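A.B. asks: Starting off with a structure, shown below.
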Amino acid sequence: MLDTNVDIKPHWLGLANIPVSGTEMTPGSVYFCLSAGKKHAPALIDSICNRNDAPHLIGLCSPEDLFRGYDDDAEQLLEKCLSEKCKRVHFWHDPEQKIPATASALLRDLKKMSPAKPALYIIFIKASAFPSDQHPKLNNVLAAWQKWARKYNHSVLFLCHGEIKTLESAALHSNSYLSGLTSFYALDASHYRYFIHFWGSSNSVVADQEYLLVTNTVGSLEAMDIPAEHTAHSDFSPDSNVSNGGIYTTTSIANEISSELQVSVSVASNNLIMNSIEELGNATVIFACASPSEVVELATMTYQLRSRYKHKIKILIRENVQCLRYADEEFLLKAGASQIIPYIITTTRLISQIEAIRGDQLRRKLPPTLYGLLESRQTSDYRGYAEPHTFAATVGKTMDAQRYSGIEHILVRFEPLRGITMEQSLNLCHIKRDGDLITVCRGFIYIFLHACRLNNVAIALKNSLLLPVQDSFGSQSIIHDADDIIAELELIDLSTDGIPADIGQKLLASNPEKNQKNGGNKRISVTLANPYVINQG
């Protein structure tokens, strides 16, 4: 029997900076969190575990399926979380595939187990495990889960991934059985748009709330403080009385320009610029950029400042190291940046450009909302190694979209050095950017550089290879014409050789550079806590 001599406490999503009413999970309730991909899963599971005492996790899949597709950092985070922070980790899967992996089948087996004390159950599941095409059947499934949760005072959180649009629409009509429904949209590797369709806590219900989530330094998720500002009807008419305001920037840029220009405020980071000023007026704000991973946050801060101060403020993005592709630059300009200053600009030219722009006023219109801006960014859900057929199909779809987006892409074909195996050559590659893809076939290594101009190939390859190109490969061919890329994809698609996807991904993930960053220690494989296949019958 259920042990009732325990306190019935609410559980929490663990997302920092979101109001309690949007994160609390009450006992006896069922919640959905939907996402087309599963990039957010390690960080979200870790965030939940950090706020709750030993939840249970069930994967409606094999352990290999749960861990497939993550980079080293995300995989380590998930391994540590499941082995150290979860009370039980179960996997429901039928190796012979005689029984369909459905939410109903999982519940039937859960009912056969001894009832546990009230707990939080995190269930990693494909959206297709629910009968989303028929509302009455979905209602029946959710009603059964709700009844089970209420009987034992469990909180149930379904992390659904895959084709979620149909399920999302159906779940909105099943709100009498669901206490919460949210959606995740990946903006890049560490930023997500988080939308609360509705969420019921013990005190209130919230609905139609949006947040920008970022992965913090410890790998958990937190919401950025984004004011709900709209700019569709903002007044961007010119003002003839614009004067030069103060300069607000980071310490590194201040050290570079302070000999010639008076800096009003210099702080250690871009975020501190936002926190250290109350009224800018006609100021010039200069953000520093040293990594592509900073683009979304820079765009968010730029949009916030531009929404508040309109045309008067000047916002410059200084590239400290060569890291921005032209799609990133266009995105930052769309967010309201006055100018992007490349890393090759010397200090003297930098000072001249700052002086030249301080009397200017922005004339460009902004997207009507911040989330409209974020969703307009040209991103992709794939990254890393793919088998030749998958590589050709994925890149082919991207090339088809190029006709409408105007975004350029590059395909680079490498021939390995003599005496070096394909596996050794692949181990020299470290794909870090969403949209970039790599495969091996026909005796070549192919790297697809998403949203990359021809004159940016060198820096893109520098960021994608452990060693210089001449030290990594025997020869290279850069294919930039769209028709030539399509022709090469046809040859790749017909290829019958290559390296399996799981091996190829591990070769990329085992890059020596990452081991050096982790102190040179070899990763220790962690066994998941209490792995268990729920009996079927």
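The values are calculated or read from the model by the stated rules, or taken from the named source; none is laboratory data. Predicted model, so just to flag it, every value in this text is computed and none were measured. Cβ coordinates were reconstructed from backbone atoms using ideal geometry, including for glycine residues, and neighbour counts include every protein chain displayed. Ligands, DNA and RNA are excluded from the accessible area calculation, which covers all protein heavy atoms including side chains. Shrake-Rupley method; radii C 1.70, N 1.55, O 1.52, S 1.80 Å.
A.B. asks: Inspect all residues belonging to the range 353-361 and state whether any of them is within 31 Å of the chain's Cα centre (by Cα) and open to solvent by 40 Å² or more (accessible area, probe 1.4 Å).
C.D. replies: Looking for residues that are within 31 Å of the chain's Cα centre (by Cα) and open to solvent by 40 Å² or more (accessible area, probe 1.4 Å), one finds none in the range 353-361, hence no.
A.B. asks: Would you confirm whether or not the range 27-49 contains a residue that is free of Cβ contacts under 8 Å to residues at least 40 places away in the same chain and in a helix (DSSP H, G or I)?
C.D. replies: Taking every residue of the range 27-49 in turn, at least one turns out to be free of Cβ contacts under 8 Å to residues at least 40 places away in the same chain and in a helix (DSSP H, G or I).
A.B. asks: With the structure loaded, tell me whether Ala393 is modelled with pLDDT of 85 or more, within 22 Å of Glu294 (Cα to Cα), open to solvent by 40 Å² or more (accessible area, probe 1.4 Å) and not in a strand (DSSP E or B) or whether it fails that test.
C.D. replies: Against the criterion (modelled with pLDDT of 85 or more, within 22 Å of Glu294 (Cα to Cα), open to solvent by 40 Å² or more (accessible area, probe 1.4 Å) and not in a strand (DSSP E or B)), Ala393 does not qualify.
A.B. asks: State yes or no: is Leu157 more than 25 Å from Lys39 (Cα to Cα) and either among the hydrophobic types (A, V, I, L, M, F, W, C) or at pLDDT below 90 (or both)?
C.D. replies: Judged against the criteria, Leu157 is not a match.
A.B. asks: Which of the residues that make up the range 118-135 are at pLDDT below 85 and either farther than 15 Å from Thr166 by Cβ or surrounded by fewer than 19 Cβ atoms within 10 Å (Cβ to Cβ) (or both)?
C.D. replies: Correct list: Asp133, Gln134, His135.
A.B. asks: Can you name the residue in the range 167-202 that is of a type in the set (Ser, Thr, Tyr) and over 21 Å from Asn216 (Cα atoms) and, of all such residues, is least open to solvent (accessible area, probe 1.4 Å)?
C.D. replies: Ser174
A.B. asks: If I filter the range 52-66 down to residues being open to solvent by 30 Å² or more (accessible area, probe 1.4 Å) and closer than 15 Å to Ala41 by Cα, which single residue comes out as modelled with the highest pLDDT?
C.D. replies: For the range 52-66, the residue satisfying everything is Pro63.
A.B. asks: Answer yes if at least one residue in the range 226-239 is under 19 Å from Leu374 (Cα atoms), under 14 Å from the mean Cα position of the chain (by Cα) and either aliphatic (A, V, I, L, M) or modelled with pLDDT of 85 or more (or both), and no otherwise.
C.D. replies: No, there is no match, as no residue in the range 226-239 is under 19 Å from Leu374 (Cα atoms), under 14 Å from the mean Cα position of the chain (by Cα) and either aliphatic (A, V, I, L, M) or modelled with pLDDT of 85 or more (or both).
A.B. asks: So, in the range 440-458, how many residues would count as being aliphatic (A, V, I, L, M) and either over 20 Å from Gly384 (Cα atoms) or open to solvent by 20 Å² or more (accessible area, probe 1.4 Å) (or both)?
C.D. replies: 2
A.B. asks: Taking the condition of being small (Gly, Ala, Ser), open to solvent by less than 10 Å² (accessible area, probe 1.4 Å) and in contact with a strand residue (DSSP E or B) (Cβ under 6 Å, 6 or more places away or on another chain), how many residues in the range 324-347 meet it?
C.D. replies: 1
A.B. asks: Moving on to the next point. Looking only at the range 465-485, filter to residues that are assigned to a helix (DSSP H, G or I) and closer than 22 Å to Gly419 by Cα; which one of those is least open to solvent (accessible area, probe 1.4 Å)?
C.D. replies: Ser472
A.B. asks: Could you please let me know if Leu57 is among the aliphatic types (A, V, I, L, M), in a strand (DSSP E or B) and under 21 Å from Ile125 (Cβ atoms)?
C.D. replies: When the stated conditions are applied, Leu57 passes them.
A.B. asks: For the list (1) touching a His at 6+ places or on another chain (Cβ under 7 Å); (2) more than 26 Å from Phe195 (Cα to Cα), I need the number of the one condition that Ile345 fails.
C.D. replies: Ile345 satisfies all of (1) touching a His at 6+ places or on another chain (Cβ under 7 Å); (2) more than 26 Å from Phe195 (Cα to Cα) except (1).
A.B. asks: How many of the residues making up the range 145-162 are of a type in the set (A, V, I, L, M) and over 10 Å from Val30 (Cβ atoms)?
C.D. replies: Final tally of qualifying residues: 1.
A.B. asks: I would also like to ask the following. For Ile407, work out the one condition from (1) closer than 22 Å to Cys323 by Cβ; (2) surrounded by 20 or more Cβ atoms within 10 Å (Cβ to Cβ); (3) of a type outside the set (Lys, Arg) it doesn't fulfil.
C.D. replies: The one condition Ile407 does not meet is (2).
A.B. asks: Right, here's the next one. Restricting the search to the range 442-461, which residues are without any contact (Cβ under 8 Å) to a residue 60 or more places away in the chain and in a helix (DSSP H, G or I)?
C.D. replies: Correct list: Leu454, Asn455, Val457, Ala458, Leu461.
A.B. asks: Additional query: Only one of Leu138, Leu106, Leu82, Leu78 is within 24 Å of Phe184 (Cβ to Cβ), touching a Ser or Thr at 6+ places or on another chain (Cβ under 6 Å), open to solvent by less than 20 Å² (accessible area, probe 1.4 Å) and part of a helix (DSSP H, G or I); which?
C.D. replies: That would be Leu138, the only listed residue that is within 24 Å of Phe184 (Cβ to Cβ), touching a Ser or Thr at 6+ places or on another chain (Cβ under 6 Å), open to solvent by less than 20 Å² (accessible area, probe 1.4 Å) and part of a helix (DSSP H, G or I).
A.B. asks: Take the residues in the range 152-163 that are under 25 Å from the mean Cα position of the chain (by Cα) and more than 25 Å from Met224 (Cα to Cα), then tell me which one is most open to solvent (accessible area, probe 1.4 Å).
C.D. replies: Glu163
A.B. asks: Which of the residues that make up the range 141-195 are of a type in the set (Gly, Ala, Ser) and part of a helix (DSSP H, G or I)?
C.D. replies: Correct list: Ala143, Ala144, Ala149, Ser169, Ala170, Ala171.
A.B. asks: Assuming Gly69 fulfils every condition listed in (1) part of a helix (DSSP H, G or I); (2) at pLDDT below 90 apart from one, which condition is it?
C.D. replies: (1)
A.B. asks: Restricting the search to the range 413-432, which residues are assigned to a strand (DSSP E or B) and touching a Phe, Trp or Tyr at 6+ places or on another chain (Cβ under 7 Å)?
C.D. replies: Passing the criteria: Arg413, Phe414, Glu415, Pro416.
A.B. asks: Now for a different question. Given the options Ala223, Ala268, Ala288, name the one that is modelled with pLDDT of 85 or more, under 26 Å from the mean Cα position of the chain (by Cα), open to solvent by 30 Å² or more (accessible area, probe 1.4 Å) and under 30 Å from Ala16 (Cβ atoms).
C.D. replies: Ala268
A.B. asks: Another question, then. Among the residues of the range 176-215, count how many are β-branched (Val, Ile, Thr) and under 11 Å from the mean Cα position of the chain (by Cα).
C.D. replies: Residues meeting the conditions: 2.
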